[in-house]
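Worksheet: one structure, shown below.
The values are calculated or read from the model by the stated rules, or taken from the named source; none is laboratory data. Predicted model only: the values in this text are computed from it and were never measured. Virtual Cβ from ideal backbone geometry, glycine too; neighbours counted across all protein chains shown.
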Amino acid sequence: MQLLRGTKDILPDEIVLWQHIEKTASKIMKLANYHEIRTPIIEPTSLFKRSIGNGTDIVNKEMYNFTDQNSREITLRPEGTASIARAFINNKLYKNNTTNRLWYLGPMFRYERPQQGRQRQFHQLGLECIGSLNPMADAEVIRIAHKLLKELGCSNYTMEINSIGQLEERKKYKQSFIEYLEPYINDLDNNSRNKLYTNPLKILDSKDIKTKEIIYNAPCLHDYLDTPSKKHFEKVCEYLEFLNIQYNINKQLVRGLDYYNYTAFEIKTKSLGTQDTICGGGRYDSLIQELGGPSVPAVGWAIGIERLLLIIRDQLNNKIQENKPIVYLAINGQNTEKEILNLIQLLEQKGISYHLDLDNNSLQKQLKKADRQGAKACLIIRDYEITNNCITLKKLSTSEQKQFNIINIDNLIQTLEKMN
Ligand code: ATP
Ligand code: MG
């Protein structure tokens with residue numbers, strides 16, 4: 001049996017890295033009063049159509065949709081923000097009348113061409129600061145992204161930021177932009193041509209050289225922004241400068257989802273090829289209302305864990321030592337099982353990790369396996385130990401051997417604890 005294209009098993013060797021990322025994120029989030037939220041992986045298809053938007057690649061090409069036994073249209077979530085906005089409304093989280101700070105980590109699904117840094121099931125770690133229009137909120141979420149990346153040892157990146165204004169401003173801009181592009185319609189790349197009337201802003205994002213040349217002289221969205229949009233953006237930039245967070249203003253940065261307004265940003269690394277964006281985020285002040293909730297502004301981001309790991313894996317591997325079982329339990333002979341079961345409960349009580357050999361091989365073989373497991377010591381119970389009411393401890397680094405009387409097991413535990 002093969003696994004599905006674009007999906008991956010995450011094996012125990014790698015899980016330690018994931019756990020480290022999760023632990024670090026959880027620590028940083030807690031300091032800033034962000035609370036973890038877990039929403040379902042399946043949602044009604046309409047949630048994503050209404051939030052992410054009908055003209056977007058995600059909705060048009062990338063969603064995993066299916067109809068369930070009761071003819072409901074269901075989608076495996078392609079991102080986290082829409083679900084959180086829905087949960088925010090359904091659970092009336094706005095009732096507490098304060099800023100709701102939430103974070104999440106979980107699998108997302110997009111039907112894309114799998115390649116390095118692009119999977120069909122991937123994971124995002126994200127946060128949402130819901131309930132404030134203050135540009136301090138934008139600065140806060142960006143600061144936390146930087147803090148997290150720094151703490152995880154990721155430094156080789158740049159941040160691009162832009163303001164995409166408000167819906168009305170974008171409407172006016174789209175009109176001029178389309179008018180500008182129409183004479184070049186046949187010179188645009190296919191993808192951009194298809195987006196000309198459905199999602200023209202995404203053409204700004206095109207990687208095609210010819211299209212890029214055409215866009216170079218196009219009207220600029222910034223010139224269509226009104227004072228509140230400009231002011232908000234200036235404030236965010238001012239705070240980032242104060243915080244010493246480097247950024248480049250990229251006036252062509254737009255995001256792939258419809259629901260953003262004002263701030264949009266991306267964190268890109270230089271060490272990956274084309275899949276170079278590790279974090280994307282922005283402000284979405286109208287999403288919650290659009291989904292039937294009250295008018296509550298919000299700002300957030302999501303980091304792609306697989307892409308992040310491509311950059312920091314080696315470094316993290318050096319930093320994190322896998323938890324090797326400290327003692328290997330070797331039994332050999334009759335009636336040793338109950339003795340070892342007693343010992344295991346004692347080790348557990350003392351928080352000493354163990355690996356019980358279940359193969360009943362010769363002691364020699366068991367010792368070899370203990371070595372391969374990276375255990376520090378082996379505890380041996382054979383007929384000899386049963387007869388003499390003792391347990392033998394063998395230190396694997398020195399092969400030194402010592403017997404401990406079962407009556408006085410504390411001595412053995414103390415010796416093991418010192419090895420921990
Ligand atoms: P891209 O332009 O690379 O397709 P995107 O704009 O679609 O990215 P977002 O929706 O902003 O991505 O998602 C945030 C982050 O999630 C991305 O920056 C990336 O790190 C990660 N991500 C998105 N799609 C995938 C995928 N198919 N496989 C792995 N990671 C992904
Ligand atoms: Mg994408």
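Quick look at the values:
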quantity: Residue satisfying condition, being within 30 Å of the chain's Cα centre (by Cα), touching a residue at least 24 places away in the same chain (Cβ under 8 Å), surrounded by 16 or more Cβ atoms within 10 Å (Cβ to Cβ) and part of a helix (DSSP H, G or I), within set Leu204, Leu133; calculated: Leu204
quantity: From the options Gly280, Gly304, residue that is within 16 Å of ligand 1 (Cβ to nearest atom), in contact with an Asp or Glu (Cβ under 6 Å, 6 or more places away or on another chain) and at pLDDT 95 or above; calculated: Gly280
quantity: Single condition Ile74 does not satisfy, out of (1) touching a helix residue (DSSP H, G or I) at 6+ places or on another chain (Cβ under 7 Å); (2) under 19 Å from Leu257 (Cα atoms); calculated: (2)
quantity: Number of the condition not met by Ile10 [criteria: (1) touching a residue at least 40 places away in the same chain (Cβ under 8 Å); (2) farther than 16 Å from Tyr259 by Cβ; (3) among the hydrophobic types (A, V, I, L, M, F, W, C)]; calculated: (1)
quantity: Test: residue in region 138-146 that is touching a helix residue (DSSP H, G or I) at 6+ places or on another chain (Cβ under 8 Å), within 16 Å of ligand 2 (Cβ to nearest atom), of a type in the set (D, E, K, R) and farther than 20 Å from Arg38 by Cα; calculated: no
quantity: Candidate set: region 187-201, residues that are in contact (Cβ under 8 Å) with a residue 24 or more places away in the chain and surrounded by fewer than 17 Cβ atoms within 10 Å (Cβ to Cβ); chosen: the one farthest from Arg255 (Cα to Cα); calculated: Asp187
quantity: Filter result for Ile278 (of a type outside the set (Gly, Ala, Ser) and within 28 Å of Leu47 (Cβ to Cβ)); calculated: yes
quantity: Checking Ile352 against (1) under 15 Å from Leu416 (Cβ atoms); (2) without any contact (Cβ under 8 Å) to a residue 60 or more places away in the chain; (3) in contact with a helix residue (DSSP H, G or I) (Cβ under 7 Å, 6 or more places away or on another chain), the condition it does not meet; calculated: (2)
quantity: Residues of region 26-55 satisfying the condition of being without any contact (Cβ under 8 Å) to a residue 60 or more places away in the chain and aliphatic (A, V, I, L, M); calculated: Leu31, Ile42
quantity: Scope region 316-343; condition part of a helix (DSSP H, G or I), in contact (Cβ under 8 Å) with a residue 12 or more places away in the chain and loosely packed, with under 14 Cβ neighbours inside 10 Å; matching residues; calculated: Lys319
quantity: Which numbered condition Ala218 fails, given (1) without any contact (Cβ under 8 Å) to a residue 12 or more places away in the chain; (2) under 19 Å from Phe177 (Cα atoms); calculated: (1)
quantity: Only one of Glu238, Glu266 that is more than 15 Å from ligand 2 (Cβ to nearest atom) and either crowded, with 20+ Cβ neighbours inside 10 Å or among the acidic types (Asp, Glu) (or both); calculated: Glu238
quantity: Sole residue being aliphatic (A, V, I, L, M) and within 12 Å of ligand 1 (Cβ to nearest atom), chosen from Leu240, Leu287, Leu272; calculated: Leu272
quantity: Region 75-113, subset within 16 Å of ligand 1 (Cβ to nearest atom) and polar (S, T, N, Q), residue nearest to the chain's Cα centre (by Cα); calculated: Thr81
quantity: Given (1) within 15 Å of ligand 1 (Cβ to nearest atom); (2) within 19 Å of the chain's Cα centre (by Cα), index of the condition Gly153 fails; calculated: (1)
quantity: Hits in region 1-37 (condition: more than 16 Å from Ala145 (Cβ to Cβ) and either of a type in the set (Phe, Trp, Tyr) or touching a Gly at 6+ places or on another chain (Cβ under 7 Å) (or both)); calculated: Trp18
quantity: Hits in region 217-273 - residues which are in a loop (DSSP other than H, G, I, E, B) and more than 25 Å from Gly117 (Cβ to Cβ); calculated: Asn217, Ala218, Pro219, Cys220, Leu225, Asp226, Leu243, Asn244, Lys251
quantity: Residue satisfying all of: in region 24-48; more than 21 Å from Asn91 (Cα to Cα) and of a type outside the set (Val, Ile, Thr); nearest to the chain's Cα centre (by Cα) among these; calculated: Ala25
